[in-house]
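Take a look at the structure set out below.
The values are calculated or read from the model by the stated rules, or taken from the named source; none is laboratory data. Since the model is a prediction, treat every value here as computed from it, not as a measurement. Virtual Cβ from ideal backbone geometry, glycine too; neighbours counted across all protein chains shown.
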Amino acid sequence: MTNSVYYEKDDSILQLEMELLLEAVFRQYGYDFRNYNKAHVKRRLVYRMQQLKLESLSELQHKILHHPQVLALVLKDLSINVTEMYRDPAFYLSLRKEVIPILRTYPFLRIWHAGCATGEEVYSFAILLKEEGLYERSQIYATDFNTEVLETAKKGIYPVSKIKEYTLNYQDAGGKNSFSDFYTARYDAALFDPELKKNIVFAEHNLVTDSVFAETHLIICRNVLIYFNRTLQNKVLELFNESLIKGGFLGLGSKENIMFSTVQDQFLITNPNEKIFQKKIL
Amino acid sequence: MQAFEAIVIGSSAGGLHALKTLIKGLKPGFDIPIIIAQHLSPHSENYMAHFLDQLNTIKVKEADEREKILAGHAYIAPPNFHLLIENDRTFSLTVEEKVNYARPSIDILFETAAEVFREKLIGIILTGANHDGANGIRKIRFFGGFTIAQNPSSAESDTMPKAAIQTGSILKTMELEEIAVFLNSLLN
């Protein structure tokens, strides 16, 4: 990503152009970024404007409306696709120790990775389920609004250069085997065991505009809510609350919380540091 | 002199010691909010906020998403997140790609702070072994804010302050102790 400085003295015009652009994207294409945090969206849109050598966000809006391929670029800019396997190993260790023993009591599990991006965390948890003997009775939904990242997720191929870091993460997350048991390395690519995909459905789903599609036992949605304003955070948390069975679990990113949200009273805190919550049985 | 509403500080290699000296030098009751991006290992626990808080000059804490920026506080970007300033003077966090190999990126903090606080912002570049923060310093100057670099010859690592100075957008080069004295002088 380039990092050239954008010199726009009049921020009120930039804000207005940004709001109009987001409104246009929503009305024409149905993607709703109007309740995303503004500072990030502004940075990303200005970045795209500069890459396309345009003078203003109004010009970028014009391009988006008349050239769907420009929309695809902007969707990519605004989607959150930086992830890694066993990101925050302590989170996975906590799932293994505090959540798996309870999930084990159900005959069948539905697990939802919301905003799965390129899928690294989906495979991470699939491996964990295998090691805990729960994979065969699990149905995993991995969803994202960006179809391009979903294609990468479906492949399950990641750069070999990352494997060293992932292996350390896997071990810190309480991995029980040798991490190399789960992938085949060829040249610069590591292909994860296709068997891991057997019970995973990769599907397009937009947290902002789509509704609940399944009753779930565990939802993992990490570092997605940080991009949303309070209104949208509440809306998505209510969606999760609706999807989860009573006693089901919700795992968020390390800087995300249900505290001060509208669903705060519906959940118990399982692990305050790792942001794992359990829907009350009532 | 213009009333400053926020101070942003960027530091990297050697930053912990430099920040300690700077914050220790502040008068108790120093009330301009300070926002710090210090490069840290992504796996480090944030002991830094705790460490700097114990110096007992100002309240130091890790920045939380959607948190309101308050007087008398210093905030540190959480390891492995970028820290951004919103128009309503709250924080937001992202995990987008590293910028200048860093997350938190000093440039992202400085650039978003410059857009919000404009001429009422002070940007300070301390010790570091990379070029992060140089673009941010440019943007702060563009909006009329005040810019300071730690004297490269006494910085533990001189690359970052030198890169900031080379932009031509640094107004003052100072020793750490002088920076603290200068900041204290802004209080009435």
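Considering every residue within the stretch A:52-73, establish whether at least one is touching a helix residue (DSSP H, G or I) at 6+ places or on another chain (Cβ under 9 Å), over 18 Å from A:A173 (Cβ atoms), part of a helix (DSSP H, G or I) and among the basic types (K, R). For the stretch A:52-73, residues touching a helix residue (DSSP H, G or I) at 6+ places or on another chain (Cβ under 9 Å), over 18 Å from A:A173 (Cβ atoms), part of a helix (DSSP H, G or I) and among the basic types (K, R): present. In the stretch B:100-131, the qualifying residues are those that are of a type in the set (D, E, K, R) and more than 16 Å from B:A77 (Cα to Cα), and the one that is surrounded by the fewest Cβ atoms within 10 Å (Cβ to Cβ) is B:E119.
Could you list, in sequence order, all residues of the stretch A:11-28 that are modelled with pLDDT under 95 and in contact with a Leu (Cβ under 8 Å, 6 or more places away or on another chain)? Result: A:L14, single match. Only residues that are within 14 Å of chain A (Cβ to nearest Cβ), touching a Gly at 6+ places or on another chain (Cβ under 8 Å) and not hydrophobic (A, V, I, L, M, F, W, C) were counted across the stretch B:142-176, and they come to 2. For the stretch B:77-188, the strands (runs of 3 or more DSSP E) that sit wholly inside it and include 2 or more residues that are in contact with a His (Cβ under 7 Å, 6 or more places away or on another chain) are B:91-94. Of the residues making up the stretch A:90-105, those that are over 28 Å from A:K235 (Cα atoms) and either in contact with a strand residue (DSSP E or B) (Cβ under 7 Å, 6 or more places away or on another chain) or not hydrophobic (A, V, I, L, M, F, W, C) (or both) are A:R96, A:K97, A:P101, A:R104, A:T105. What number of residues within the stretch A:100-113 satisfy the criterion of being under 30 Å from A:T209 (Cβ atoms) and either crowded, with 22+ Cβ neighbours inside 10 Å or free of Cβ contacts under 8 Å to residues at least 24 places away in the same chain (or both)? The qualifying residues number 3. Residues that are in contact with an Asp or Glu (Cβ under 9 Å, 6 or more places away or on another chain) and either buried (at least 18 other Cβ atoms within 10 Å of the Cβ) or more than 14 Å from chain B (Cβ to nearest Cβ) (or both) within the stretch A:60-76 comprise A:L60, A:Q61, A:A72, A:L75, listed in sequence order. Out of everything in the stretch B:84-99 that is more than 7 Å from chain A (Cβ to nearest Cβ) and surrounded by fewer than 24 Cβ atoms within 10 Å (Cβ to Cβ), what residue ends up being modelled with the lowest pLDDT? Step by step, filter the stretch B:84-99, then rank; the result is B:K98. Only one of the numbered conditions (1) within 14 Å of another protein chain (Cβ to nearest Cβ); (2) touching a residue at least 40 places away in the same chain (Cβ under 8 Å) is not met by B:P33, and that is (1).
On the given criteria, is A:T118 under 18 Å from A:E84 (Cβ atoms) and surrounded by 14 or more Cβ atoms within 10 Å (Cβ to Cβ)? Judged against the criteria, A:T118 is a match. Filter the stretch A:78-111 for residues that are under 14 Å from A:A153 (Cβ atoms) and modelled with pLDDT of 95 or more and give the result. Selection gives A:M85 alone. Filtering the stretch B:107-141 to residues that are within 14 Å of another protein chain (Cβ to nearest Cβ) and either more than 16 Å from B:I9 (Cβ to Cβ) or more than 13 Å from the chain's Cα centre (by Cα) (or both) leaves B:E115, B:V116, B:F117, B:R118, B:E119, B:K120, B:N130, B:H131, B:N135, B:R138, B:K139, B:R141. Of all the listed residues (B:I58, B:I23), the sole one being touching a Phe, Trp or Tyr at 6+ places or on another chain (Cβ under 7 Å) and of a type in the set (A, V, I, L, M, F, W, C) is B:I58. Take the residues in the stretch A:23-57 that are hydroxyl-bearing (S, T, Y) and more than 13 Å from chain B (Cβ to nearest Cβ); name whichever of them is nearest to A:L78 (Cα to Cα). Top of the filtered list is A:Y31.
Among the residues of the stretch A:136-147, are any loosely packed, with under 14 Cβ neighbours inside 10 Å and within 30 Å of A:Y29 (Cα to Cα)? Within the stretch A:136-147, one or more residues are loosely packed, with under 14 Cβ neighbours inside 10 Å and within 30 Å of A:Y29 (Cα to Cα).
Test A:G133 against the criterion of being within 24 Å of the chain's Cα centre (by Cα), of a type in the set (G, A, S) and modelled with pLDDT of 95 or more, and give yes or no. In short, no. Of all residue pairs spaced 6 or more apart or on separate chains, those with beta-carbon atoms under 6 Å, a first member in the stretch B:154-171 that is of a type in the set (G, A, S) and a second member that is assigned to a helix (DSSP H, G or I) are B:A155/B:P161; B:A163/B:A134; B:A164/B:A134; B:A164/B:I137; B:S169/B:I137; B:S169/B:R138; B:S169/B:R141.
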